[in-house]
Amino acid sequence: MPISILTYIFCAPLLAALALVVVPRNYRVIIRFIALLGTFVSMVLAIKMFCQFVPGHDGFQFEQQIPWVNSLGISYHVGVDGLNVGLILMGAIVAFAAACCSWEIQTREKEFYILLLIMSGGILGAFASLDLFFFYALHEFALVPTFIMIGIWGRGERKNYATFQITIYLSIGALIALIGLIALYLQSGANTFDIPKIIEHVKANPIATNAQNFIFPLLLFGFGILVSLWPFHSWAPLGYGSAPAPTAMIHAGILKKFGLYGLTRIALPLMPQAAHHWMTILAWLCLGNILYVGWVAMRQRDLNLLIGNSSVAHMGFIFLGIASLNLIGITGAVFIMVAHGFLAALTFGLSGYIYQKTGTLEMSELGGLCRKLRFIGTALLMAAMAGCGLPGFANFVGEVSVFFASWTVFPVVTILAVWGALVIGGIYMTRAVRKILHGPLPEKYANVADATNVWRKLPYALLLASLFVFGCFPKLLTNQITPDATKIVSMTTLITAKPNMVAVSEIQSPKSENRN
């Protein structure tokens with residue numbers, strides 16, 4: 001069987017990490033070169049895969065399956081469709097950008113790059129996996145380095161507290177999700193961890209309603225904690241504020257989408273009756289992300305804490321799209337996953353640059369930086385506008401799609417969400433831009449250096465270009481997503497309707513006998 005390009009995409013960073021193990025730690029240039037090469041190869045292959053992807057193709061593409069534990073139905077199975085093709089592309093680009101931004105790390109560089117590459121390869125493998133076992137295991141493999149990197153290379157007085165908090169929250173979330181996945185395996189009756197086979201089996205033999213009502217909330221809140229669903233969100237702003245910029249770029253940009261992808265790929269199509277029951281609750285919970293966390297962001301004085309809270313607020317729009325359970329909403333939710341990945345990586349990368357050059361992210365101590373940091377300042381301004389949902393950026397397309405979708409289902413929630421996006425989001429983003437980039441320039445920053453060479457500008461330019469391309473040409477992504485989003489929506493409709501159809505036939509059969 002030929003090796004899938006997906007295997008090369010997520011194995012390239014892992015092989016680079018393995019190569020770094022044998023490189024002496026004083027060979028700094030070689031260490032950095034291998035890390036950049038591994039993520040660059042992965043990015044190029046992901047772009048090639050995205051360009052070769054055929055929208056609407058029946059089944060998965062670039063598929064590869066190798067049996068592993070036959071008695072349990074576990075196999076190495078990778079493939080892509082419209083739900084994960086954009087996520088893999090985004091993940092590979094963000095991983096390369098994070099490697100480029102890792103020049104700020106000056107101690108234990110070898111260990112840092114190894115952990116960064118493990119994070120990158122692990123989450124790309126999780127997105128590509130079509131087996132529940134590897135889907136979960138690869139995510140956990142990518143998650144563990146996050147705790148280590150914040151504890152060793154983190155910054156701020158509260159980095160140790162942030163490390164413990166993020167470890168506890170994400171461990172609990174992962175454990176709850178694991179219980180839900182094990183229960184799903186047992187209740188599905190498919191006797192396999194293969195996701196496509198489970199879906200096909202459940203189509204013919206729907207999971208009992210009482211089992212759905214037990215399993216679905218486990219997945220919703222397990223995955224929700226990993227995504228920072230309100231009110232289980234407090235780990236995210238402090239964790240990102242204490243993390244080194246490359247770590248925050250990968251976790252906020254890529255790893256955070258794992259739970260959202262899991263809900264869309266697994267929970268919705270397999271447990272549609274429970275999904276319909278919980279979607280109203282999810283729609284109101286997501287207002288906590290959009291409104292409450294938005295208000296918290298307005299009060300922040302530290303740029304990283306503002307960006308961290310903004311990232312949590314944006315998760316609310318994705319949850320709202322999922323809660324709508326219609327084609328436009330699911331498509332918009334997946335679109336925002338991709339767009340937010342680029343945006344989160346861009347903003348944390350820029351804040352990392354500013355911190356390295358000024359030694360602080362307290363917005364009251366900054367000001368007038370656009371005079372000296374023309375490229376970085378312009379990129380930060382554009383990132384802030386993208387975060388506000390300005391047309392021309394990818395975030396606008398996804399958010400508008402979600403609002404149109406949710407209006408027909410949750411009009412009150414939609415009105416409040418639009419107000420949160422336009423008013424609250426606009427206030428804290430424009431206020432941050434004014435305090436950091438405009439006004440008088442403090443004398444101590446008179447000699448601060450802008451990103452002058454290509455390597456310093458490349459990661460930010462690459463992420464900005466991605467936001468522009470998908471913002472100006474959204475069909476490049478929506479055409480990929482829509483056919484498979486349609487399948488998700490149809491499964492939630494058909495399987496939900498199936499018991500009713502059976503009931504109708506049972507009611508009609510006595511009538512036909514009476515006629516006879």
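The values are calculated or read from the model by the stated rules, or taken from the named source; none is laboratory data. Being a predicted model, the structure only gives us computed values, none of them experimental. A quick note on method: Cβ atoms are made from the backbone with ideal geometry, for glycine too, and the neighbour counts reach across all protein chains shown.
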Any pair with Cβ under 8 angstrom, 6 or more apart, that starts in the range 182-199 at a residue that is on the phi > 0 side of the Ramachandran plot and ends at one that is of a type outside the set (Phe, Trp, Tyr) and assigned to a helix (DSSP H, G or I): GLY189/HIS201
Here are some residues: GLY392, GLY321, GLY387. Which one is in contact (Cβ under 8 Å) with a residue 40 or more places away in the chain and on the phi > 0 side of the Ramachandran plot? GLY392
Does THR378 satisfy being crowded, with 24+ Cβ neighbours inside 10 Å, part of a helix (DSSP H, G or I) and at negative phi? no
Unmet requirement for ALA405, which otherwise passes all of (1) surrounded by fewer than 24 Cβ atoms within 10 Å (Cβ to Cβ); (2) within 30 Å of LYS487 (Cβ to Cβ): (1)
Just name the residue that is surrounded by the fewest Cβ atoms within 10 Å (Cβ to Cβ) out of those in the range 408-443 that are aliphatic (A, V, I, L, M), over 22 Å from the mean Cα position of the chain (by Cα) and under 21 Å from LYS372 (Cα atoms). LEU441
Scanning the range 1-30 for residues that are surrounded by 14 or more Cβ atoms within 10 Å (Cβ to Cβ), assigned to a loop (DSSP other than H, G, I, E, B) and within 29 Å of the chain's Cα centre (by Cα) gives SER4
Between a first residue in the range 28-40 that is without any contact (Cβ under 8 Å) to a residue 24 or more places away in the chain and a second residue that is part of a helix (DSSP H, G or I), which pairs have beta carbons less than 8 Å apart while being 6 or more apart in sequence or on different chains? LEU37/ALA16
Can you tell me which residue among ALA275, ALA313, ALA267 is touching a Leu at 6+ places or on another chain (Cβ under 6 Å) and over 24 Å from PHE141 (Cβ atoms)? ALA275
Of a type in the set (Lys, Arg), farther than 16 Å from VAL334 by Cβ and without any contact (Cβ under 8 Å) to a residue 60 or more places away in the chain - does that describe any residue in the range 292-305? yes
Are any of the residues in the range 245-256 out of contact with any Pro (no Cβ under 6 Å at 6 or more places or on another chain), at pLDDT 85 or above, under 25 Å from HIS139 (Cα atoms) and polar (S, T, N, Q)? yes
